[in-house]
2 protein chains.
Amino acid sequence: MSPRPKNPPPDRRGEILEAAFRVFAEKGYRAATMAEIARAAGVTPAALYYYFPSKADLFRAAVTERRSQLQPALAALASPDARELPPREFLGALLRAMADFLADERTRAVIRILLAEGPRDPSLVAIFQEEVYGNIGAVLGYLEQHMAQGNVRPMDPRVFLLFFQGPLLAMVIFRDLLRLGPYRDLPNPALVEPLAETILAGLVPEKR
Amino acid sequence: MSPRPKNPPPDRRGEILEAAFRVFAEKGYRAATMAEIARAAGVTPAALYYYFPSKADLFRAAVTERRSQLQPALAALASPDARELPPREFLGALLRAMADFLADERTRAVIRILLAEGPRDPSLVAIFQEEVYGNIGAVLGYLEQHMAQGNVRPMDPRVFLLFFQGPLLAMVIFRDLLRLGPYRDLPNPALVEPLAETILAGLVPEKR
DNA sequence: GTACTTATTAATTGAGCGTTCAGTAAGTAA
DNA sequence: TTACTTACTGAACGCTCAATTAATAAGTAC
């Protein structure tokens, strides 16, 4: 192959990032090789070093790039419109929005990377923590207000988040990451609807 | 150092397995080197090959060894005594037993390994799936019975498990694996007690 | 004490991988 | 046309690391 190809691809850098993300998501950081990423991107390994100074930098760039795709889904949860809803509707919508968010294959890839590399790379965790908690903040404001008014069972907001995110996260881990047999064919709604019903029955006190 | 030391340790193999488990748990499979495991066990790398044919075999053996430590905690959940309890007490005890189970550092190490290596090693997942689901089965029997009698809100048992395990698993991931700031100082009971209260209020219908 | 087995080491090998570097075709500017 | 920049390639380097091998001290059986 010759340098400077006839039809110069307009966004080599972007192609490399996408290929890198795919390979890192599939193999993990250590097992992913620059050679394989290069192959996936249709270039030679050396070309990767034209755009990124090291494997670590490429990894960071690839993951950070994808992260911004997650923003809208979370932001929607904190929209002013949503804040006008009564607790039952608000919390149900929140739950469904999170489920949609987790239904995205790229989201699951990020989770896969985060679970595999996060425990050994705090700076990677920090990237997501900042972003996710920035958006969750608004949701918590809503909650605190309704807890004070007695419309929602009062509790530590951290506990609330675990309560809400936990079952969904567990489903993604069991079904999509570990591929546990019994969960293979459990569709999202089959979890979300009973979950919403049961959580809300316990979380939102009966109308007085 | 001389071969065949003066005071021959009685259980070299066990020491190696323990050292290997620690290193694998901390570094992950790829990043853990035979040299480091050997150092942790107080032998040379070649000694590892006296007991285990390859790195992969050592890894499998180390993880499998630990797995059996988890059995008692899960078995207790399915004891005949527990099955006599009314749903509220049974489910509360189940939740607390799971929390205790997850409080064990070795359990968390297994989870860390499972999340990091599981997505790329189905046979590793299979080891745990078999064991965990063997014991969960008995719990599900209890549940089905009480669901049929209307004492527990009827639902897919898989959903029930996600519902029960999810928040605890999420706490372990956020607090212990990813070390998210806000969760750093959230003690187990601070999650378990409100969780039990809220889940049970929603899961177990009001007394008629 | 001799023969054999067990448990271990030191040294080495060989593959794989991140990274570097010199070279070069294609595009751009004067 | 010349000078320069951009965007790569092919080849090689150096290192790490899993795995092998030959040697050997300590224990055991006879």
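Observations
- Of residues in segment A:96-123 being farther than 24 Å from B:Leu162 by Cα and open to solvent by 40 Å² or more (accessible area, probe 1.4 Å), the one farthest from the other protein chains (Cβ to nearest Cβ): A:Ser123
- Hits in segment B:182-199 (condition: open to solvent by 10 Å² or more (accessible area, probe 1.4 Å) and more than 7 Å from chain A (Cβ to nearest Cβ)): B:Arg184, B:Asp185, B:Pro187, B:Asn188, B:Pro189, B:Glu193, B:Glu197
- Any hit, segment B:179-196, residues being under 20 Å from the mean Cα position of the chain (by Cα), of a type in the set (Lys, Arg) and part of a helix (DSSP H, G or I): no
- Considering only residues in segment A:10-35 that are within 17 Å of A:Ala116 (Cβ to Cβ), within 14 Å of DNA strand D (Cβ to nearest atom) and not hydroxyl-bearing (Ser, Thr, Tyr), the one that is farthest from the other protein chains (Cβ to nearest Cβ) turns out to be A:Ala31.
- Scanning segment B:50-71 for residues that are within 14 Å of chain A (Cβ to nearest Cβ), open to solvent by 20 Å² or more (accessible area, probe 1.4 Å) and either within 14 Å of DNA strand C (Cβ to nearest atom) or part of a helix (DSSP H, G or I) (or both) turns up at least one hit.
- Filtered by the rule that a residue be crowded, with 22+ Cβ neighbours inside 10 Å and either modelled with pLDDT of 90 or more or not in a loop (DSSP other than H, G, I, E, B) (or both), segment A:144-160 gives a lone residue, A:Phe160.
- Residue check, A:Leu178 facing another protein chain (nearest Cβ under 7 Å) and closer than 17 Å to B:Phe160 by Cβ: no
- Within segment A:1-24, the set of residues being at pLDDT 90 or above and within 14 Å of DNA strand C (Cβ to nearest atom) comprises A:Ile16, A:Ala19, A:Ala20, A:Val23, A:Phe24.
- Test: B:Leu85 is away from DNA strand C (no atom under 16 Å from the Cβ), assigned to a loop (DSSP other than H, G, I, E, B) and in the same structural domain as B:Ile173 (by TED's automatic domain parsing): yes
- Output for segment B:124-140, where each listed residue is in contact (Cβ under 8 Å) with a residue 40 or more places away in the chain and either open to solvent by 10 Å² or more (accessible area, probe 1.4 Å) or in contact with a strand residue (DSSP E or B) (Cβ under 8 Å, 6 or more places away or on another chain) (or both): B:Ile127, B:Phe128, B:Glu131, B:Val132, B:Asn135, B:Gly137, B:Ala138
- Note on segment B:18-28: residues that are touching a residue at least 24 places away in the same chain (Cβ under 8 Å) and in contact with a Lys or Arg (Cβ under 8 Å, 6 or more places away or on another chain) amount to 3.
The values are calculated or read from the model by the stated rules, or taken from the named source; none is laboratory data. Since the structure is predicted, the reported quantities are computational estimates derived from the model, not experimental observations. We place every Cβ from the backbone using ideal geometry, glycine too, and count neighbours over all the protein chains shown. What goes into the accessible areas is simple: the full protein's heavy atoms, side chains included, and nothing from ligands, DNA or RNA. Shrake-Rupley method; radii C 1.70, N 1.55, O 1.52, S 1.80 Å.
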